[in-house]
1. Would you kindly derive the ³J(HN,Hα) couplings of segment 10-22 from the backbone phi angles with the Karplus curve 6.51 cos²θ - 1.76 cosθ + 1.60 (θ = phi - 60°), listing them in order in whole Hz, with x for Gly and Pro?
2. Determine the shape class of segment 229-342: with a ≥ b ≥ c the square roots of the Cα gyration tensor eigenvalues, call it rounded for a/c under 1.5, and otherwise prolate if a/b is greater than b/c, oblate otherwise.
3. Hey, rough spin-label estimate for Glu3 and Val377, points 7 angstrom out along Cα→Cβ, what's it come to in nanometres?
4. What does the accessible area per residue of segment 143-237 come to in Å², with a 1.4 Å probe and no ligands, DNA or RNA counted?
5. Would you mind checking Lys6/Lys201; Lys95/Lys298; Lys52/Lys122; Lys231/Lys264; Lys231/Lys256; Lys173/Lys201 for any pair whose Cα atoms are more than 20 angstrom apart?
6. Ranking request for peptides 107-115, 324-332: highest mean number of other beta-carbon atoms within 10 Å first, then the rest in descending order.
7. Under the classification rounded if a/c is under 1.5, otherwise prolate if a/b is larger than b/c and oblate if not, where does segment 1-66 fall, given a ≥ b ≥ c as square roots of the Cα gyration tensor eigenvalues?
8. How large is ³J(HN,Hα), in whole Hz, for each residue of segment 355-371 in order, when computed from phi with the Karplus curve 6.51 cos²θ - 1.76 cosθ + 1.60 and θ = phi - 60°, using x for Gly and Pro?
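The values are calculated or read from the model by the stated rules, or taken from the named source; none is laboratory data. None of these values were measured; they are calculated from a predicted model. Here the Cβ positions follow ideal geometry from the backbone for every residue, glycine too, while neighbour counts run over all protein chains shown. These area figures cover heavy atoms from the full protein model, side chains too; ligands, DNA and RNA do not enter into them. Shrake-Rupley method; radii C 1.70, N 1.55, O 1.52, S 1.80 Å.
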Amino acid sequence: MTEFTKLGLSPTTLQAVTETGYTNATPIQAQAIPVALTGRDVLGIAQTGTGKTAAFTLPLIERLSTGRARARMPRAVVLCPTRELADQVAENFAKYAKGTRLNWVLLIGGVSMGDQVALLNKGVDVLIATPGRLLDLFERGKILLTGVETMVVDEADRMLDMGFIPDIERIFKLTPPRRQTLFFSATMPPEITRLTQQFLKDPTRIEVSRPAQTADTITQYLTRLPVSDPKAKRTALRMLIQRSEVQNGIVFCNRKSDVDIVAKSLTVHGFDAAPIHGDLDQSLRMQTLQKFRNGELKLLVASDVAARGLDIPEVSHVFNYDVPHHADDYVHRIGRTGRAGRTGEAFMITTPADEKSLDKVLKLIKKDPVELELEGVDFAAIKDRAPRGKDEGRSSRGRRERTREPKPSEAEATIDAVTAEEEPKEATRSRRSRSRRKPEGEEQKAVIETAIEAVDTPEAVAGETETKAEKPGRNRGRNNRKLDKAEVSTSALATHSAAFGDDIPAFLRRPVIIPA
């Protein structure tokens, strides 16, 4: 392997790299750093976990070491597809630029925009941002991109999956044409190829390892279930976790709603688990990730938002609760373990409904995972119970009471069902008794509704109108308006009679008081 001392980095940068514990460069770093230091455009293609972040961060620090930042005019922009990846790039930049005077700002959604604007006004060298927040601040006049010297796009294929390509094109057009571009991606679909041809000038293409190659340090297992039932999959997941010596692990689901359901199920059964996906508040997502990094959280249940680029070196296990729809995502998922020479284990649960997706994964990785059978459970007999509110054994009074409550979403109802079927019976019985209890004040509420209906009839309204007409000098309302004379308009009633006949709605029969 190539040592960092042979890549042309300055002593200050080499000292920062040494303090992080790295002495040898990865293949993508060894090939990309010398080219980037010369100012040429780089097109880097490498699988996740190969060190792409340092491949563009180190030469960026070297090239920006001379010069001075100006207010609202960054000298470099690093674009990332997700907030978590942008935060990770910022952490790496802080480590490697520790001995320099360079400053940077992290521009992501879900956090205070005022603090970000204050830092921009002081002048920053590097913007590390997601496309949405960057364009938002540009449209508000808080950023000028005319001074950008270097553009970096990280995880470009993930940008494509998330629909950011139009935003990337717009940002490129806002920057000067004479700039250096460092473009990194794990795969090169046609849309990404078109983007590189449009905005990169004679780039040096660096491709290390085929994108579909999985690390040899990862032992892969496959568990086949005879039924496609969610409860059977949750049972199998718990058995896999219990049989493995899990130091910490990530459970991947295809849908955000399943992330919440699986996390709730694991928590009910006593596992230390928490969900993370794009619909959660940013502060909660960052807090959950930090707990996982610090070892305070054992299991992280995630959507594919956490499958790309997150550098958590000591993840011991990865569990694929769902077979990914795209075969490439499988490589990125299991790439969260077995990093930096460590060993790891990856499990995948499959059902009869996953046959097509499973075939694509096996053809891509060109490996046969170890078949793992779970004994002691008849998975074919497991059936997921219907969500609460659809059980046939409830009384009619209980059903009437539930119809008055707002209808929950499908995900919320399923989470309630998981809790009901998997939590201890004593807690379930107590909660059911509370749900059957008659709400307080129900009888009084019915009496009030009856009284309102009696008062709100056309005859009652007409009688009230006559009473008001007999007392024209009475103060009414907060404005204390006085009606000297009141008369009931019958022209509107005649018009409605001509239009509706005898079927005039009740609200149109009500008289209208017109002040004289």
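1. These are the phi-based 3J(HN,Hα) values: 6, x, 4, 5, 4, 5, 5, 5, 4, 5, 7, x, 9 Hz.
2. Values: a/c = 1.15, a/b = 1.12, b/c = 1.03.
Because its axes are fairly even, with a/c under 1.5, segment 229-342 counts as rounded.
3. For Glu3 paired with Val377, the spin-label model returns 5.2 nm.
4. On the way: 3950 Å² over 95 residues.
So segment 143-237 comes to 42 Å² accessible per residue, rounded to a whole number.
5. Values: Lys6/Lys201 27 Å; Lys95/Lys298 26 Å; Lys52/Lys122 30 Å; Lys231/Lys264 13 Å; Lys231/Lys256 17 Å; Lys173/Lys201 14 Å.
Beyond 20 Å: Lys6/Lys201; Lys95/Lys298; Lys52/Lys122.
6. Values: 107-115: 15.0, 324-332: 21.2.
Top to bottom by mean Cβ count within 10 Å: 324-332, 107-115.
7. Working: a/c = 1.68, a/b = 1.08, b/c = 1.55.
Judged from the Cα gyration tensor, segment 1-66 comes out oblate (a/c at least 1.5, b/c at or above a/b).
8. Each residue's phi maps through the Karplus curve to give 4, 5, 5, 5, 4, 5, 5, 5, 5, 6, 7, 6, 9, 10, x, 6, 6 Hz.
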